[in-house]
Structures are given as structure tokens and as C-alpha cells.
Amino acid sequence: MPRRTVPIAVLLALSILSTIIPQSMTPANPAPSPAAGSAATAPPEQVRTALAALEAMPQPLVETLPNGVRVVIQEHHAAPVAALRVYVTTGSMYEGEFLGCGISHYYEHLLSGGTTSTRSEEENRRLLDEMGGNTNAYTTSDHTCYHIATTAAQLPLAIEVYADWMKNNVLHPSEVEREKGVIVSEINMGEDEPDSNLWHLFSRTMYREHLLRIPVIGQRENFLRLTRDDLVHFYRNRYIPSNTIVAIAGDVDARATLEQVRKSFGDWEARPRVVTPFPQEPPQTAFRRAEARMDVPVTFLMMGWHTADLFHPDLYPLDILDNVMSSGRSSRLVKELKEERGLVYNISTGSWTPHFGAGSFHVSARLQDEHLEETIEAIVAAFERARDGGITEEELARAKKQKIAHFVLNQQDAEEIASTIGGDLMGTGDATFSRRYVR
């Protein structure tokens, strides 16, 4: 297929989903409610089995060290492995005077395996090889995470190494300069990727005031102004015990592992937490549309609605709607727009309900440019039908079953467990939030 310049498009409707979704969960002509405990309300056998497995899972151990480091540990003895994740409450929204510079992401590059006051970068790399694990790091708008999966026997070493990174990174000048070049290359690559451009365009269009409009990697001109002194200042303000969560899961003794964490992280000097205020996004009052053109063979489309945060009761119907609209070939958008009408190559939806503010519901699709307007109309019509006619009992039951099964299956893996309990504790203060959500 010849390449040509076609649009990547973003459309943003008014914030209607947070009000229409609860209604859409009720059929237009509801049947009389069955008696409590009747067969009509009983969950399917697969759901009962999954819920039983969930009930059998051990409770995580949660404790806060005197310096403010929060620790969550869950035993999981399926295999002799363990996963460690260290979360730091810092991301593109927390950069203060460095807003738009991508300093959180820059520092992630430098801390992960970088030189500390006790070990060289080369020695850190050797220890990571010795642990033989899968190690990585990432930065988002609201947190940075460093993680490793290794054998249970190597977990004490992993805890000690990661604590050393947090406490003793020296920001070696040669590493600072090298990683700046690496990130410039990442920025260059992102400018050529339609998915990356589409996401940034969507964020700028949806958020006019909220800091979610700021790209995690930063803006090139701002990033290039960062100095080593800026990084030192950032480290002193954001990398502090009270901004840190240590999450561990695997074939471990929780109490003994807590003592290992206490030994490695407990002497980290407590420092005052810097409060970062977030401007609230004003209500959207009119339809928004934005387009950019790129040399790509297909059109990339995102549509979105402002919705709710993690603690809003609309969390559950929004997640159900996400499943009904695009989970599997029989889902509404996939069946109609891809399978039946051939308007799109692929289509998906997502409900994002963050803990720090109102979220979004979005639709993403790839298609030929000549189908763009027809696709937009079809997507809007599909959501209007869901609003006016509700969803079926069959769709609701299938969505619940898939949600529960997905969660329970993920909890068979130490890395997924550590990710779940760590993310829950960071976002909600409750390491069992996801379990309660499923129930």
C-alpha cells in the first residue's frame, strides 16, 4: 500500500459518559426483579470458581517504616521466585519548576543501575546479571517504578541493591550526559510514531489546564535545558522515604522479608514531603476536534469523553461498558464496525479512572481516511444505543465473568501480584482494593 500523508484525528465529546453509563446498565423495559438468591441472580459456575480462588489468596502484609517507606508483601508459593517493585510518587505531573522537562523520566534512566556512593555502574550491572532476573523501570504521569523478578534466594540481594539506588545515587556526570543523548533519541523516535503523536494530541485536546496534558518524556527544548544540578535538586525533593512504596510477592516468608526491607531501607533519611497542587480541569462546554498529518498508510483515530475518578461509583459501569464495546469479536464496536461493515482495521476502547482526578473513556481505531466521517458517526451511534437501550443480561454476565477471570488468572504470577498490591497501595491506600473491586 503506498504511503501518503493522512490525518491522525482526535475528537472529544462533552463529558456525557459519567452520567449516561449508570442508566445504560438498566434495560429499557426491565423485567421484574427476581427473588434474592434465585437462579437468575446466581453467578455462573466459572465465576463462582474464580471467586473461590480469590477468597483463598493470602492477605498481604502492610507496614510503614519509621522513616515513611510503605511496605506491602504477599506470599505466593507456586514457584521459587519473587518479584520486587519500588514505586516513587513522582512523574510528569509532579515536576513543579521543571514542568514539561521530563525530569522524572530522565532521573529514572540515571537511577536504574547507575553509579552509587557504594557501587560503580559496572558493579551494579554485574549484580543484576548475577541475580539473573528480569529488571526494568518506567515513568508515568503520577509515579515511577523500578522492578525486578528473580529467584526467591536472590531477593535479599535485590532488596539491598534497589535500596542502594534509592539512597545513594551520585548522578555521575558521564552517565548524565550519556542518558541525555539516549532520551533525545527517544524523543526523535516518538516524533515519527503515529501512536505517540496521537496520544499527545489527544491529551492536549482533552486537558487544557490539568497537568495530564504534559508528555512524560518532556518537550525537547525544555528537556535540553536540564542540568546535573537540576537533577540533584529534583532527587532531594522527590526521592524521599514518604514518597516510596516497596512491594514484594513470591515464595517468601512475609515477616522475614519485612525485616530485610527494614534493614535496607530503614536508614534512609526522612525528608519533608513537597506538596504539588494540581489545577483542576474546567468543565468542557463544546465539542473539540484536532487533527495532525503524518506520512503513514492509514488514519489513526481517538475519540474520548471526560468521566470519573477511581472512587466514583461509575467506575464499575464504565468498566462494563468498556468490555461490552470492544472485548472480543462479538463485542458491539468490533462486530459492527470491523466484522460487518469493514470500516476499520481494528478498534478498541478503554476506561481510565485514575486515583488523582477525573478520568476518560476513549475509543481508538485504525482505518482508511475515506471512512473517517462514517466511522465517527457509527461510533457515536453505538454509544447512543447503549445509552438509550442499555445492555443485555448476557453482555453483563459475560463482562463480569471476563473481569473476574482476568484478575484471578493474573494473580497466579508473582510479578502481577506485586504490581497489583503495590499499585493499589499507592493509588488508594488499600493493598486489597482490586480484590474488593472484583467482589
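Data for the structure
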{"item": "Output for region 57-111, where each listed residue is more than 17 Å from I148 (Cα to Cα) and within 18 Å of the chain's Cα centre (by Cα)", "result": "T89, T90, G91, S92, M93, Y94, G102, S104, H105"}
{"item": "Residue that is more than 28 Å from H210 (Cα to Cα), out of contact with any Ser or Thr (no Cβ under 8 Å at 6 or more places or on another chain) and in contact (Cβ under 8 Å) with a residue 40 or more places away in the chain, where the choices are E340, E336, E370", "result": "E336"}
{"item": "Residue that is farthest from L157 (Cα to Cα) [pool: residues in region 245-285 that are among the polar types (S, T, N, Q) and at pLDDT 95 or above]", "result": "T257"}
{"item": "Any hit, region 281-302, residues being surrounded by fewer than 22 Cβ atoms within 10 Å (Cβ to Cβ), assigned to a helix (DSSP H, G or I) and on the phi < 0 side of the Ramachandran plot", "result": "no"}
{"item": "Y345, sole failed condition from (1) among the aromatic types (F, W, Y); (2) in contact with a Lys or Arg (Cβ under 9 Å, 6 or more places away or on another chain); (3) in a loop (DSSP other than H, G, I, E, B)", "result": "(3)"}
{"item": "Test: residue in region 69-84 that is under 30 Å from R220 (Cα atoms), in contact (Cβ under 8 Å) with a residue 40 or more places away in the chain and buried (at least 19 other Cβ atoms within 10 Å of the Cβ)", "result": "no"}
{"item": "Among residues of region 371-412, those that are buried (at least 19 other Cβ atoms within 10 Å of the Cβ), of a type in the set (S, T, Y) and modelled with pLDDT under 95, counted", "result": "0"}
{"item": "Output for region 245-280, where each listed residue is farther than 14 Å from L65 by Cα, hydrophobic (A, V, I, L, M, F, W, C) and surrounded by 13 or more Cβ atoms within 10 Å (Cβ to Cβ)", "result": "I248, A249, V252, A254, V274, F278"}
{"item": "Selection count where residues are touching a strand residue (DSSP E or B) at 6+ places or on another chain (Cβ under 7 Å) and not aliphatic (A, V, I, L, M), scope region 318-361", "result": "14"}
{"item": "Restricting region 303-330 to residues that are of a type in the set (D, E) and assigned to a helix (DSSP H, G or I), the residue that is surrounded by the most Cβ atoms within 10 Å (Cβ to Cβ)", "result": "D322"}
{"item": "Count - residues of region 171-207 that are surrounded by fewer than 16 Cβ atoms within 10 Å (Cβ to Cβ) and among the β-branched types (V, I, T)", "result": "2"}
{"item": "Helices (runs of 4 or more DSSP H) contained in region 370-439 and holding at least 1 residues under 23 Å from G328 (Cβ atoms), outside the structural domain of V71 (by TED's automatic domain parsing) and aliphatic (A, V, I, L, M)", "result": "372-389, 393-410, 433-438"}
{"item": "Test: residue in region 331-348 that is under 30 Å from G68 (Cβ atoms), of a type in the set (A, V, I, L, M) and touching a helix residue (DSSP H, G or I) at 6+ places or on another chain (Cβ under 8 Å)", "result": "no"}
{"item": "The listed residue being out of contact with any Asp or Glu (no Cβ under 7 Å at 6 or more places or on another chain) and among the charged types (D, E, K, R), out of E121, E95", "result": "E95"}
{"item": "Selection within region 193-231 - among the β-branched types (V, I, T) and over 26 Å from G181 (Cα atoms)", "result": "T205"}
{"item": "Selection count, region 427-439, where residues are within 18 Å of P241 (Cα to Cα) and in contact with a Ser or Thr (Cβ under 7 Å, 6 or more places away or on another chain)", "result": "0"}
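The values are calculated or read from the model by the stated rules, or taken from the named source; none is laboratory data. It should be emphasised that the depicted structure is a prediction, and the values quoted were computed from it without experimental measurement. Backbone-built Cβ (ideal geometry, glycine too); neighbour counts: all protein chains shown.
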